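Asks: Take a look at the following structure, please.
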Amino acid sequence: MDAPTIGRIRSAGALFVSLMLFWIMLNGSLASDVLIVGVVASVVIAFLHRDGLSIFAEARFTPASVVATFGYIGYFLKELVKSNLHIAAVVLDPALPVRPGIVRVHTRLRSRTGRLLLANSITLTPGTLTVEMEDEWFYVHWVTMEAADQEEATRQIVAGFESYLEVMYG
Amino acid sequence: MTMALEIVGGLLLVAGTAFLLLGGLGLVRMPDVYNRIQTGTKATTLGTLLTLAGAACLQPGWTVKLLLIGFFLLFTNPLSSQVLARAAHRSHVAAAPVTEIDLLDEETGEEA
């Protein structure tokens with residue numbers, strides 16, 4: 001088999017596994033009728049979306065990437081709380097000290113899933129919002145802009161998440 | 001033990017609601033559409049997650065389903081905010097005058 005076919009099979013398989021996990025968690029049961037419905041639905045959806053992305057597609061399964069995954073989740077939750085408090089302070093301040101701007105940042109990530117997760121992480125932490133993606137460039141709206149310079153903005157917005165995602169997805 | 005869980009759950013619910021309130025306040029106070037997307041749709045992420053966590057403490061049987069809701073939220077919320085912001089920018093919705101720099105706009109200006 002050629003490489004694209006293998007890639008498609010791997011991607012569809014990864015999608016099937018994620019769908020089945022979701023289905024079982026949602027039902028909270030391993031009864032055979034539940035499983036049969038889940039398998040049929042997951043196979044059909046995985047087949048229809050065999051070129052699509054799923055969180056396990058393109059992921060690396062090495063001990064280092066498992067460690068990085070937990071590190072990523074921890075770092076993400078920390079950033080989420082920190083930036084929510086930051087935005088809360090801005091909103092409550094009578095002077096409304098916003099300094100918005102759209103800056104350009106660069107990512108070293110190569111895989112599509114890695115970039116997707118990076119853009120999502122940037123967007124999920126309030127204060128930064130990915131507006132547009134062009135290859136390895138992200139355009140990020142920043143409520144309290146601290147640096148217009150591309151390298152400094154990249155360091156502040158991207159670097160933290162990227163170091164984990166790089167190990168997980170490359 | 002149950003008592004402690006109930007207190008923690010109640011506190012989490014209150015904290016979550018407080019963040020949701022601040023998100024609403026931000027929606028009113030922020031100067032333009034991009035900043036409103038930031039507070040209105042995303043400062044609420046933590047609010048909703050805390051509310052879900054509070055509900056999980058009060059009803060431990062729901063934990064798995066609440067986790068799934070949180071997971072869905074974490075995947076759909078940034079996508080919708082990003083698409084909204086991109087649509088706004090592509091249809092030339094003006095940013096507030098206070099905006100200092102718009103590198104995306106300068107780029108597209110060069111292409112045109």
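The values are calculated or read from the model by the stated rules, or taken from the named source; none is laboratory data. Note that the structure is a prediction, hence the values are computed from the model and not measured. Every residue, glycine among them, receives a Cβ derived from its backbone with ideal geometry; neighbour counts consider all protein chains shown. Quick note on the areas: whole protein, heavy atoms, side chains included, nothing else; ligands and nucleic acids left out. Shrake-Rupley method; radii C 1.70, N 1.55, O 1.52, S 1.80 Å.
Asks: From the phi of every residue in the range B:19-26, what ³J(HN,Hα) in whole Hz does the Karplus formula 6.51 cos²θ - 1.76 cosθ + 1.60 yield, where θ is phi - 60° and glycine or proline is x?
Replies: 5, 5, 4, 5, x, x, 4, x
Asks: Ratio to report: Rg/Rh of the range A:3-48, with Cα atoms as the point set and Rh obtained by the Kirkwood method; give two decimals.
Replies: Radius of gyration over Kirkwood radius for the range A:3-48 works out to 1.06.
Asks: A further question on this structure: Could you tell me, in Å, what Rg and Dmax come out for the Cα atoms of chain B?
Replies: Looking at chain B, its Cα Rg and Dmax stand at 18.5, 65 Å.
Asks: Could I ask something else about it? Looking at the range A:63-168 from every direction and averaging, what is the projected area of its Cα convex hull in nm²?
Replies: Result: 6.3 nm².
Asks: No solvent, one uniform scatterer per C-alpha: report log10 I(q)/I(0) for the range A:1-137 via the Debye equation at q = 0.10, 0.15, 0.17, 0.19 1/Å, two decimals.
Replies: Listed by q, the Debye log ratios stand at -0.52, -0.96, -1.09, -1.20.
Asks: Quick one: accessible surface of B:LEU11, probe radius 1.4 Å, all protein chains present, in square angstrom to the nearest 10.
Replies: Near enough 120 Å² of accessible area.
Asks: Let me spell out the model: positive unit charges on the Cβ of Lys and Arg, negative unit charges on the Cβ of Asp and Glu, origin at the Cα centre of chain A. What dipole size does that give, in debye rounded to 20?
Replies: 360
Asks: Still on this model: Under a plain spin-label model, where a point goes 7 Å from the Cα along Cα-to-Cβ, how far apart in nm are A:LEU77 and B:MET3?
Replies: Going from the A:LEU77 label point to the B:MET3 one covers 2.7 nm.
Asks: Students sometimes get this wrong: rank A:LEU92, A:LEU124, A:LEU26 by accessible area, probe 1.4 Å, all chains present, largest first.
Replies: A:LEU92, A:LEU26, A:LEU124
Asks: Also, I was wondering about something else. Over chain A, average the accessible area per residue using a 1.4 Å probe and give it in Å², no decimals.
Replies: Solvent-accessible surface per residue comes out at 50 Å².
Asks: I would also like to ask the following. Where only protein heavy atoms count, and the probe is 1.4 Å, what is the accessible area per residue for the range B:2-94 in Å²?
Replies: Ligands and nucleic acids excluded, the result is 51 Å² per residue.
Asks: How do A:THR107, B:THR2, B:THR51 rank by accessible surface area computed with a 1.4 Å probe, from largest to smallest?
Replies: Ranked from most to least accessible, the order is B:THR2, B:THR51, A:THR107.
Asks: Follow-up. If you take the C-alpha gyration tensor of the protein assembly as shown, multiply each eigenvalue by 5 and take the square root, what semi-axes do you get, largest first, in whole Å?
Replies: 33, 28, 16
Asks: Further, regarding this structure: How big is the gap, in Å, between the Cα center of the range A:111-165 and the Cα center of the range A:60-94?
Replies: The range A:111-165 and the range A:60-94 have Cα centres separated by 13 Å.
Asks: Once you have all Cα-Cα distances for the range B:1-58, histogram them in 10 Å bins from zero and send the whole-percent values.
Replies: 29, 38, 21, 10, 2
Asks: Taking the Cα centre of the protein assembly as shown as the origin and placing charges on Cβ (Lys, Arg +1; Asp, Glu -1), which of A:LEU129, A:GLY71, A:GLY160 is farthest toward the positive end of the dipole?
Replies: Value computed over the given set: A:GLY71.
Asks: Using a 1.4 angstrom probe and counting only protein chains, how large is the accessible area of B:HIS92 in Å², to 10?
Replies: 150
Asks: Please work out how much accessible surface A:ASP149 shows to a 1.4 Å probe, ignoring ligands, DNA and RNA, in Å² rounded to 10.
Replies: Roll a 1.4 Å probe over it and A:ASP149 shows about 90 Å².
Asks: Heavy atoms only, 1.4 Å probe, whole protein assembly: order A:GLU134, A:GLU151, B:GLU6 by accessible area, highest first.
Replies: A:GLU151, B:GLU6, A:GLU134
Asks: Using the Kirkwood formula over every pair of different C-alpha atoms, what hydrodynamic radius in Å results for the range A:108-153?
Replies: Radius from the Kirkwood sum: 11.1 Å.
Asks: If you don't mind, there's one more thing I want to ask. Find the relative contact order for chain A and round it to a whole percent, using C-alpha pairs within less than 8 Å whose residues are 6+ positions apart.
Replies: 25
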